[in-house]
Protein chains: 4
Amino acid sequence: MVIVVKNQANTDSLNSLMSYLNQRNMTVKQTVGENRTILGLIGDTVSLDVDELYAFPVVESVRRIQEPYKLASRTFRSTDTVVDIGDYKIGGGNFQIIAGPCSVESEEQILEVATSVKKSGVNILRGGAYKPRSSPYAFQGLMGKGLELLSEAKVQLKMPIVSEIMSIDDIDEFEDVDVIQVGARNMQNFKLLKELGCINKPILLKRGLANTIEEFLMSAEYIMAGGNEQVILCERGIRTFETATRNTLDISAVPVIKRLSHLPVIIDPSHASGKAELVEPLALASVAVGADGLMIETHNNPQCALCDGAQSLNLEQFDSLVKKVDELRKFVVSHK
Amino acid sequence: MVIVVKNQANTDSLNSLMSYLNQRNMTVKQTVGENRTILGLIGDTVSLDVDELYAFPVVESVRRIQEPYKLASRTFRSTDTVVDIGDYKIGGGNFQIIAGPCSVESEEQILEVATSVKKSGVNILRGGAYKPRSSPYAFQGLMGKGLELLSEAKVQLKMPIVSEIMSIDDIDEFEDVDVIQVGARNMQNFKLLKELGCINKPILLKRGLANTIEEFLMSAEYIMAGGNEQVILCERGIRTFETATRNTLDISAVPVIKRLSHLPVIIDPSHASGKAELVEPLALASVAVGADGLMIETHNNPQCALCDGAQSLNLEQFDSLVKKVDELRKFVVSHK
Amino acid sequence: MVIVVKNQANTDSLNSLMSYLNQRNMTVKQTVGENRTILGLIGDTVSLDVDELYAFPVVESVRRIQEPYKLASRTFRSTDTVVDIGDYKIGGGNFQIIAGPCSVESEEQILEVATSVKKSGVNILRGGAYKPRSSPYAFQGLMGKGLELLSEAKVQLKMPIVSEIMSIDDIDEFEDVDVIQVGARNMQNFKLLKELGCINKPILLKRGLANTIEEFLMSAEYIMAGGNEQVILCERGIRTFETATRNTLDISAVPVIKRLSHLPVIIDPSHASGKAELVEPLALASVAVGADGLMIETHNNPQCALCDGAQSLNLEQFDSLVKKVDELRKFVVSHK
Amino acid sequence: MVIVVKNQANTDSLNSLMSYLNQRNMTVKQTVGENRTILGLIGDTVSLDVDELYAFPVVESVRRIQEPYKLASRTFRSTDTVVDIGDYKIGGGNFQIIAGPCSVESEEQILEVATSVKKSGVNILRGGAYKPRSSPYAFQGLMGKGLELLSEAKVQLKMPIVSEIMSIDDIDEFEDVDVIQVGARNMQNFKLLKELGCINKPILLKRGLANTIEEFLMSAEYIMAGGNEQVILCERGIRTFETATRNTLDISAVPVIKRLSHLPVIIDPSHASGKAELVEPLALASVAVGADGLMIETHNNPQCALCDGAQSLNLEQFDSLVKKVDELRKFVVSHK
């Protein structure tokens, strides 16, 4: 960590900063320039709070050199984390497509979708039961009933299931759920993250609409700090000025995260674009860029979907997409 | 609402859209252009889900004409909402400063700050007990103990108190709290919003880092739809590409919201800027632009603050600011 | 186009809007709702100015249905435009890599780089002569001398060349240049665009840092409206809150533009990421997403590059990248 | 400047960086940490190019401590710059309103507007002759003829005039123009900036839509480096995700720039909001925040304005606004 100190600083206030740093076991090396002094800090700076440092009047600016996270960092663990989802693996060279409807709507619907995506070669089923909707008047999901229907599909089709949690109060209903998803709007619901750090299940953490990659990894760190290291990161588009797409897929996030962290990273092209016709090109780009998987919305009848129909592929479109993804994936693996 | 339909649409798919709209009691008027047909919808479109409409293959685009919220809308209620906070009022011409430390740290600290801000003329005390921090290794607040200390200050100084809730599980500890704050990161924690709609206390709702004004009002609608109409909106800066300030204060949000909604709107210049030296000019601008109040962080010893010291004013700076705000406020009222 | 009109509007002001629309040969169909009236406009709305409409006090909002551009639009021309660059083609299934140094620095440098990229299989050479730099104290390019050296490389290696123009005053020096590039900062330098519309050379138009896809196509329209329809669009990253990369590559722009326009679209992963190590994954993603080409910075000695060394590949890295891109491109073509 | 170097760096590559720094007369102090080494640089770092440094493979990151501009910096010149516009002053405690139509449309129009704003107490007249429009089909201004009409108004009303230049080719026509405006889209048209640095007239430089405050000051530096130090900065809104306003007024830019630079800063609430009804509250906020002036669009008949009618005040609205601004300004000055 580097702290820039104003030169006009009086000795007292500089001393008070120095003693604060000493208490935290930092070794400090000074470089005195014309107008400012630079303090180079050596030690475990992860636990240093930048906000606290800024409160010292002598401090002009603080710059981190080391990442503010540890467990999620590749510096800390150099080999790729592989997460087990039922009998399937993701990360470290293992690629998975997670597919299913935006929301579970009925027994027929989820079974029809599950049967079809399994036939297309997909191993893992997703389905929304608790739905975060910006309007209180929109369909909010079947909730507990939705999870029951999803569990039924799990049993009948022998597919592990993924579903989104919106409140830790609902955790008991997620017993059968294999991977608990934290949605973009809850990426910094720290209370929820902490509690998920105490359970023993993979967590699929989606990036927030306006969160940096660093904040994304800090949220993963929240879960991991509690003891649960089975975290799958999911890039799903960020909010920018562009309105042609629902969000802007930050595809660079994949190679950037791969350098910073050992955790698996997947892409959700459905939410990133918000448009069914963009899902295929973005899915293929995701494979080429090196993602560990995809999460894609598909529906047996998108125009009757109770949410996000616009971005759902129908089952034929989805089947065609899986074939292309599989072939591209084979090409990528063989050309490494 | 206006739906743009592709002209190549076959009659069947257009009919299925029409029957969907009829079931929802919409009257539809068609305008047939060269390449597209425009459907003008008349009826209560608030409850129509844009996502569902997009799932019809014939639909090219959907544009709302009416706001997607009702209770929060000035069209629905034209007179300003006045919210009571203890014996004090906010909104409809009533202006309040809410002040106190980022986090409650000790009995001495909160009492010293409270005594001082009261002397400066402030009626309402704030203090953080549960703190949302991006790092799991940063100070997370005194939690329950913090609320106890805040309550003590409330009793001793006869000031209503404001504190942030991070999870509905903690609600019992908020019994003495007069205004429950929902932080920016929880603006779309819909489960939390719904539960706060069922209690009988003012809610101070902060705008999310990357949320539009429309989404902000939708979140207010979530609370109001549950029956709790005492919502105070707080603009606290949005996330942009600019890094000179922690966030970018969207000061235009005040006059924009004033036209769209009857709810009181305040500004938090501390979080908006992240820098103590910017708080005063931004506070004065907030008064001039027509805000109903301010929320400002102040600390008896900012350089020892356990969080956000960089943006906290010390008690002298704060006292000087209150004087300037009061005078400007008097000027503004007398020149209306 | 749809115009939403306030219902409280008096007849006079509505009539003045109506007569304005009639003068512009618009057929208007009204849909009267409870609070607003919707006017659906039929006619050639491309030339209607939204700003002018907003000046009528009765107008609440205006929404375009048709694109505000014509020549660049796929509605106007459904088949892909193929642009000829010397003996090479781009667009309509033709893929090209354009490579070379950020700036031309010396005869040896440009010849070494050109010889090497040609050997790697690249057909088109790029090199900066006039460099837009945010600091007046940074190296501004060799200017006219740089173009001379680039022309020499063109002759020696029989490669068409691409270089950026910063002012129409320099146009005479671009005689030998095969493709004139308009940089991101000049995307809305309308005077420059207009002049480039009058010449008979392909224009490589880069997207502005904060410009929407619609504005991007409007800038292409500026050039095309002057008679020059040889426009190549280049996505090079947009400005967002994320700081891990220099810009955020908006990879979705490729399939979005492909639907809206018939013009070729290429991607510049060097500027999009600003980091050499991200160029390869982003280049591969660009091929997979369907781009018509790539523009990549490469240098014989990146650490001595006079600009943008951080994002330049060395010649070996670049050669390896071209091989991978070629193989992926073959795969993509054979799996269409 | 601080350079972070990878510890695995071999001695050769570190040495090559060191000799580069020595050639540029930098004194370097090393702080060796566990994983990285920090180099603190002492010397005139303004002319060091961050891009060049990043090209050294040993360099992990570079952080500027000193601003990358000099002439525009308050460190370099501590007293406020006062710019003379005809007989009027701006900056250093002098406040000016610059008003007039978006574009000059006719002799009658410009004279009527000028007469009226002068009567309202405004000293400086603005009017667009060359108009940057995103559509090639929109009205592009009266160009040379517009400047003639503006000059006529200048003579008749004895008001200095401001108009926007779009290309240095048109400079001869700006002889009578007292302040040359550089529009937001040209803020990084470096060629134009350089040429304006060689003339002896005040330049009103508008902030680009997506440019940081640092880049804004760098563009001012471009002009000043040429010898022309009469630069007035104008904040006019930045591009964000929010669509309720045309742009997002970054009001914090005023106090931020006041600390970093000695140049006068004004605000353009018309372009910032794009809506006439928001101009007054934003103008008042601008006065309160400490701006040195305002630039406001006003028109004798906004609904017939040939551009930007939606954001223009009519002459009565404008007169009322000037009165409020004047009173608030008096209040602000008397309460300093």
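Tabulated results
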{"item": "Longest to shortest principal axis, alpha-carbon extents of segment C:148-208, angstrom", "result": "35, 21, 17"}
{"item": "Shielding score for B:39-49, defined as the mean number of other chain Cβ atoms within 10 Å", "result": "4"}
{"item": "Accessible-area ranking of C:His262, A:His271, largest first, probe 1.4 Å", "result": "A:His271, C:His262"}
{"item": "Relative contact order for chain C, counting Cα pairs under 8 Å that sit 6 or more residues apart, in percent", "result": "15"}
{"item": "Segment A:169-258 shape via C-alpha gyration tensor axes, a/c threshold 1.5", "result": "prolate"}
{"item": "Aspartates and glutamates whose Cα lies under 16 Å from that of C:Lys336, excluding same-chain neighbours fewer than 8 positions away", "result": "A:Glu277, A:Glu280, A:Asp319, A:Asp326, A:Glu327, C:Asp292, C:Asp326, C:Glu327"}
{"item": "With Cα atoms, 0 to 90° folded angle of helix A:11-23 axis to chain A main axis", "result": "50"}
{"item": "Lys, Arg +1 and Asp, Glu -1 on Cβ, resulting dipole of segment B:224-321 about Cα centre, debye, nearest 20", "result": "320"}
{"item": "Per-peptide average of other Cβ atoms within 10 Å, ordering B:109-121, C:146-158, C:240-252, D:71-83 highest first", "result": "C:240-252, B:109-121, C:146-158, D:71-83"}
{"item": "Sites matching GluC sites (Glu not before Pro) across segment D:154-200 that sit in DSSP coil, with at most 10 neighbouring C-beta atoms within 10 Å", "result": "D:Glu175"}
{"item": "Radius, Kirkwood style, for chain B when every pair of distinct Cα atoms is counted (Å)", "result": "21.5"}
{"item": "Distance between modelled label sites at C:Glu34 and D:Ser61, nm, 7 Å Cα→Cβ extension", "result": "5.4"}
{"item": "Estimated inter-spin distance, B:Ser47 and A:Asn94, nm [label 7 Å along Cα→Cβ]", "result": "4.7"}
{"item": "Max mean-square fluctuation residue, GNM over chain A, Cα-Cα springs under 10 Å, options A:Pro101, A:Pro281, A:Pro68", "result": "A:Pro281"}
{"item": "Accessible area of chain C divided out per residue, in Å², using a probe of 1.4 angstrom", "result": "34"}
{"item": "Charged-residue dipole, Cβ positions (Lys, Arg, Asp, Glu), chain C about Cα centre, Debye nearest 20", "result": "1040"}
{"item": "Cα gyration tensor shape of segment C:250-317, rounded if a/c is under 1.5, else prolate or oblate by comparing a/b with b/c", "result": "prolate"}
{"item": "Gaussian network model of chain B, springs between alpha carbon atoms under 10 Å - residue of B:Val46, B:Val177, B:Val231 with greatest fluctuation", "result": "B:Val46"}
{"item": "Segment D:185-248 and segment A:153-228: distance between their alpha carbon centers, rounded to Å", "result": "45"}
{"item": "Between 0 and 90°, nearest 10: helix D:107-119 axis offset from chain D longest Cα axis", "result": "80"}
{"item": "Partners for B:Lys29 among lysines (Cα-Cα distance below 19 Å; same-chain residues under 8 apart left out)", "result": "B:Lys6, C:Lys6, C:Lys29"}
{"item": "Loop-located GluC sites (Glu not before Pro) in segment D:275-336 whose Cβ has at most 11 other Cβ within 10 Å (DSSP)", "result": "none"}
{"item": "Normalised per residue, the volume of the convex hull around the Cα set of the protein assembly as shown (Å³)", "result": "160"}
{"item": "Links that overshoot a 18 Å alpha carbon limit, given the list C:Lys89/C:Lys158; D:Lys89/D:Lys158; A:Lys275/C:Lys258; B:Lys258/B:Lys330; B:Lys89/B:Lys324", "result": "B:Lys258/B:Lys330; B:Lys89/B:Lys324"}
{"item": "Residues with amide H under 5 Å from that of D:Leu294, placed H, sequence gap 5 or more", "result": "D:Gln96, D:Ile97, D:Ile98, D:Ile267"}
{"item": "Other protein chain Cβ atoms within 10 Å, averaged over every residue that makes up A:30-37", "result": "5"}
{"item": "Segment D:217-336: relative contact order in percent, alpha carbon pairs under 8 Å with at least 6 residues between", "result": "20"}
{"item": "Rounded if a/c under 1.5, otherwise prolate or oblate - segment D:100-192, Cα gyration tensor axes", "result": "prolate"}
{"item": "11 Å beta-carbon shell around B:Pro136, net charge (K/R +1, D/E -1)", "result": "+2"}
{"item": "Carbon + sulfur, % of accessible area of segment D:238-336 - ligands and nucleic acids excluded, 1.4 Å", "result": "51"}
{"item": "Exercise: per-residue mean of other protein chain Cβ atoms within 10 Å, B:267-274", "result": "1"}
{"item": "Size of electric dipole in segment C:72-194: Cβ of Lys, Arg +1 and of Asp, Glu -1, about Cα centre, debye, nearest 20", "result": "660"}
{"item": "Accessible-area composition of segment B:155-209, carbon plus sulfur, in percent [1.4 Å probe]", "result": "47"}
{"item": "A versus C: buried accessible surface, summed, Å² (probe 1.4 Å, to nearest 100)", "result": "2800"}
{"item": "C:Gln23 versus C:Gln317: modelled label distance in nm, points set 7 Å from Cα along the beta carbon direction", "result": "5.9"}
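The values are calculated or read from the model by the stated rules, or taken from the named source; none is laboratory data. Just so it is clear, the model here is predicted, and its values are computed rather than measured. Don't worry about glycine lacking a Cβ; one is built from the backbone with ideal geometry, like all the others, and counts go over all protein chains shown. Surface accessibility is based on the protein's heavy atoms, side chains included, excluding ligands, DNA and RNA. Shrake-Rupley method; radii C 1.70, N 1.55, O 1.52, S 1.80 Å.
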